[in-house]
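Below: the structure, in structure tokens.
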Ligand SMILES: [Zn+2]
């Protein structure tokens, strides 16, 4: 058994430990990184190879009701991309919504070892866990959707913040969820009636609370519960021209709650809410304004939601946005509203380089990544599969590292978009260290996964070794080398075991599912239980006792305990 | 012996997944069921009747008792030897069992199909084309002021559907029956139709025509005929007005729509109608799923293979072409050289040609009960009832997942689907790897 491994002479990028391209040996025992190992340890010669901690994806729709309905909606998506069964691996399908096994294998091949599903309807989270349990190799977790929840909106309306916090703690425990997700706060409840809201201060009919109050309230709750992540927010007005202002307003809505230690709000797939202009005709990039705000305010982090040209399947909990996209594109549409909680929608979509709007969108994501100065507060995502499938990450890395790669694409996009974007004038090129930051170290830190995203002693031995020698190649001039290297590792190591070698998956192992339990005071908890039970039957069509996911339900649960202040 | 009362029990009969049953157990036997419909109490109180309890294997022409171990060994060898084994059923078992079933079909390069292919297959084909505007049942309970049942008779097939989820339920924004309109569209005046505010009786097999006319009326297009499907244009236009003017409408449809002439065309028309209504108001649509976990069978198969039923693993990857790769069609063409049936009775339900082929190939059945299919089988593996004698998760018709409970022990020695299927998969792997 390979309990011990030594990786020799690797070129290491480990930003959390301030290591940038040093030649080092790393030793592994029993799934952890250790000081030294015995002489019998298996040796991997990594000289001339780039080594990083395993990738951590903070936002990728890989499991649950809407993902699976997306699969069901699109047999045409799978037919063009199949995986044949091998001795060690299951068969499956891609492309934009891969089957569960294929999802795990493809992430592992790219050197990713931890992935978070960022939008699970609480009532349907058993489904999400069933799929996460079916996804091999990677560690994972999910964020329950709480921004349109009836209990939460009512507690916030009534100013009962303690009960609201206790309710969120109960919800995370009941659903085995990791963090608070807010999607189109209040807007999805309004969509329950087929209607829309536009402004942060518009009251939600029947609930008399505003999106601003929901975001602020849950931001406070997040702090009261000392949760490992921060509020993870998909803002109002996603997909509408001019929405960059909503994004900035949402960030600014919690500015006074910041304590200076770390960000307190994460705005996700900010490309989709980074539109300037007042219509599709004069649409522009709001990335410079958003980046300015982020650069001036350290209470905010963002991820990209980078667009990849080609075919994909959009799916969000933002029911009204998805309907809007259906009307805009004429493509088939699924809507799935969830009682007392949230909704979701699915629309297949094709991003075309020659399309003005799509080209602007492509530019917004990259501009954001390049204009936000602090790589610890901007994470690389495509909001898989909304901007494009996660398998496109190597392309994004190449665009970020090489102006030449960007120029090549810029020369092929819609001409008007080319003129209106700032992107052609941006010279910045990411270093490998910065890439390691935005793809693993920073997201791991944001999730407070203490043993992930770095290679220090005691860290989980989740490691990616890429066939890339930065001393030999002029990376900014060789984008194809970057793409090739990040597409497939030489070795992916998960918990100290080689799980993928040059694209060959070694077998089916299953990672952990992280979830959060924040303990509130016993009195508060008891009061809350009484209050929930008094209304639960009025809100839900299942019994209170059948709502929580039982402890034995998850394959490999990994609980993060926090102590609440209330 | 004292009695034990268990509350919040989840029913495992139809797609409603009612979870408010109260079950009294005496001496490891269910003796009383409260809050349940007649179908549910029938199952809950009758689960001990007509059981298979002893693994059986055919010797010559008669079934003889055997052990699970022996039966599983022979089953493994039989399906390994087959060039295209069929794995069929799956709608009356747990997600956990279904997942093992998919792996078994993949491992042996066979076909994996569930009962969808004989009920709501057309619904799924329609969704591939159009998508669907839908929601969980609670949304309808809270918001719907207009409910349509089309080709569906919930009073008999889903007895608590109306009281728990639709017109007779109490929601946040709709308090009672008088806050809602009930429309029933059917070829005959069913017991559900008798409760309707508006009953539209259409001529058999004219659902498509009526649906298309209704869509035209909703769009405001002029319709030239005087009647469509036996329904007057005035009535159709009046109906269209009702749909447009409601605040939240819900269209439920049953086999009367999926199985009448036109099939997936009917469903495409219904899905399109509802999609379009969303430009005028809020409208949702949902199929009335029959078996308690047919939706789970679709979901599990989809996340493992990308496709909801009729999956062909014969080339080493999932392939999907209903009409070609679905069980009835394969069998009717005389394909498949062995079949493993789990919790289903195709001999009674399949068309003659398909059923006949089933009886001509090695047939293995895993089922709690004696059925025409078990009686034709070469091997019978008795199993425990999910939700009564063993746990397991299941999908309500709207995709809400529930964990069913074990209430009593299965008959002595009887194993669960999960135990049998995992032992079988293990045996297959040990013989082939
Ligand atoms: Zn997302």
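The set of residues in segment A:344-387 being more than 14 Å from every other protein chain (Cβ to nearest Cβ), farther than 16 Å from residue A:428 by Cβ and within 16 Å of the ligand (Cβ to nearest atom) consists of A:351, A:361, A:379, A:381, A:382, A:383, A:384, A:386, A:387.
Residue-wise test of (1) at pLDDT below 95; (2) within 22 Å of residue B:181 (Cα to Cα).
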{"site": "B:223", "(1), (2)": "yes, no"}
{"site": "B:226", "(1), (2)": "yes, no"}
{"site": "B:236", "(1), (2)": "no, yes"}
{"site": "B:240", "(1), (2)": "no, yes"}
{"site": "B:262", "(1), (2)": "yes, no"}
{"site": "B:276", "(1), (2)": "no, yes"}
{"site": "B:279", "(1), (2)": "no, yes"}
{"site": "B:305", "(1), (2)": "no, no"}
{"site": "B:311", "(1), (2)": "no, no"}
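Considering only segment A:39-59, state which residues are touching a strand residue (DSSP E or B) at 6+ places or on another chain (Cβ under 6 Å), in a loop (DSSP other than H, G, I, E, B) and either at the interface with chain B (Cβ under 8 Å from one of its Cβ atoms) or surrounded by fewer than 24 Cβ atoms within 10 Å (Cβ to Cβ) (or both).
Going through segment A:39-59, the residues touching a strand residue (DSSP E or B) at 6+ places or on another chain (Cβ under 6 Å) turn out to be A:41-47, A:49-52, A:54-59.
Then keep just the ones that are in a loop (DSSP other than H, G, I, E, B); that gives A:41, A:46-47, A:49, A:54, A:58-59.
Hits for segment A:39-59 are A:41, A:47, A:49.
The residue list A:144, A:185 contains one member that is closer than 23 Å to residue A:549 by Cα and free of Cβ contacts under 8 Å to residues at least 60 places away in the same chain, which is A:144. In segment A:125-216, counting only helices (runs of 4 or more DSSP H) that sit wholly within it, the ones holding 3 or more residues that are farther than 28 Å from residue A:101 by Cα span A:150-157, A:161-175, A:187-191.
Of all the numbered requirements in (1) crowded, with 24+ Cβ neighbours inside 10 Å; (2) away from the ligand (no atom under 16 Å from the Cβ); (3) not in a helix (DSSP H, G or I), residue A:117 misses one, and that requirement is (2). So, of the residues in segment A:418-431 that are surrounded by fewer than 22 Cβ atoms within 10 Å (Cβ to Cβ) and part of a helix (DSSP H, G or I), which turns out to be farthest from the chain's Cα centre (by Cα)? Selected residue: A:419. For segment A:60-85, a residue qualifies if it is modelled with pLDDT under 95 and facing chain B (nearest Cβ under 9 Å), but none of them does. Here is a list of conditions, (1) part of a strand (DSSP E or B); (2) outside the structural domain of residue B:238 (by TED's automatic domain parsing), and residue B:107 meets all of them except one; can you say which number that is? So the condition that residue B:107 fails would be (1).
Residues in segment A:93-114 that are within 16 Å of residue A:68 (Cβ to Cβ) and outside any loop (DSSP other than H, G, I, E, B) were compared, and the one that is farthest from the other protein chains (Cβ to nearest Cβ) is A:104. Out of curiosity, is residue A:90 touching a strand residue (DSSP E or B) at 6+ places or on another chain (Cβ under 9 Å), within 16 Å of the ligand (Cβ to nearest atom) and not in a strand (DSSP E or B)? For residue A:90, the condition - touching a strand residue (DSSP E or B) at 6+ places or on another chain (Cβ under 9 Å), within 16 Å of the ligand (Cβ to nearest atom) and not in a strand (DSSP E or B) - is not met.
Looking at the structure I just gave you, is residue B:113 at pLDDT 95 or above, more than 19 Å from the chain's Cα centre (by Cα) and more than 14 Å from every other protein chain (Cβ to nearest Cβ)? Considered against the rule, which asks whether it is at pLDDT 95 or above, more than 19 Å from the chain's Cα centre (by Cα) and more than 14 Å from every other protein chain (Cβ to nearest Cβ), residue B:113 comes out as no.
Considering (1) surrounded by fewer than 24 Cβ atoms within 10 Å (Cβ to Cβ); (2) in contact (Cβ under 8 Å) with a residue 60 or more places away in the chain; (3) more than 10 Å from chain A (Cβ to nearest Cβ), the lone condition that residue B:88 does not fulfil carries the number (1).
Of all residues being within 16 Å of the ligand (Cβ to nearest atom) and in a helix (DSSP H, G or I) in segment A:388-417, which is nearest to the other protein chains (Cβ to nearest Cβ)? Just the residue, please. Quick ask: steps written out before the conclusion?
Pass one, segment A:388-417, residues within 16 Å of the ligand (Cβ to nearest atom): A:388-390, A:392-393, A:396.
Those left that are additionally in a helix (DSSP H, G or I): A:390, A:392-393, A:396.
Values: A:390: 16, A:392: 19, A:393: 22, A:396: 25 Å.
Here the residue is A:390.
If I filter segment A:235-251 for residues that are within 14 Å of chain B (Cβ to nearest Cβ), in contact (Cβ under 8 Å) with a residue 40 or more places away in the chain and within 16 Å of the ligand (Cβ to nearest atom), do I get at least one hit? Within segment A:235-251, none of the residues are within 14 Å of chain B (Cβ to nearest Cβ), in contact (Cβ under 8 Å) with a residue 40 or more places away in the chain and within 16 Å of the ligand (Cβ to nearest atom). In segment A:517-536, is there at least one residue being closer than 30 Å to residue A:462 by Cα and touching a helix residue (DSSP H, G or I) at 6+ places or on another chain (Cβ under 6 Å)? Yes, segment A:517-536 contains a residue that is closer than 30 Å to residue A:462 by Cα and touching a helix residue (DSSP H, G or I) at 6+ places or on another chain (Cβ under 6 Å). The condition of being assigned to a loop (DSSP other than H, G, I, E, B), in contact with a strand residue (DSSP E or B) (Cβ under 7 Å, 6 or more places away or on another chain) and surrounded by 18 or more Cβ atoms within 10 Å (Cβ to Cβ) holds for only one of B:167, B:185, B:147, that being B:167. Screening residue A:259 with (1) farther than 19 Å from residue A:325 by Cβ; (2) more than 16 Å from the ligand (Cβ to nearest atom); (3) in a helix (DSSP H, G or I) gives one miss only, at (3). Residue A:325 satisfies every condition listed in (1) touching a helix residue (DSSP H, G or I) at 6+ places or on another chain (Cβ under 9 Å); (2) in contact (Cβ under 8 Å) with a residue 40 or more places away in the chain except (1). Return the residue satisfying two criteria in turn: it lies in segment A:539-564 and is out of contact with any strand residue (DSSP E or B) (no Cβ under 7 Å at 6 or more places or on another chain) and loosely packed, with under 13 Cβ neighbours inside 10 Å, and of such residues it is farthest from the other protein chains (Cβ to nearest Cβ). Among those that are out of contact with any strand residue (DSSP E or B) (no Cβ under 7 Å at 6 or more places or on another chain) and loosely packed, with under 13 Cβ neighbours inside 10 Å, it is A:551.
The values are calculated or read from the model by the stated rules, or taken from the named source; none is laboratory data. Because the structure is predicted, anything quoted here is derived from the model rather than measured. Reconstructed Cβ throughout: ideal geometry from the backbone, glycine too, with neighbour counts over all protein chains shown.
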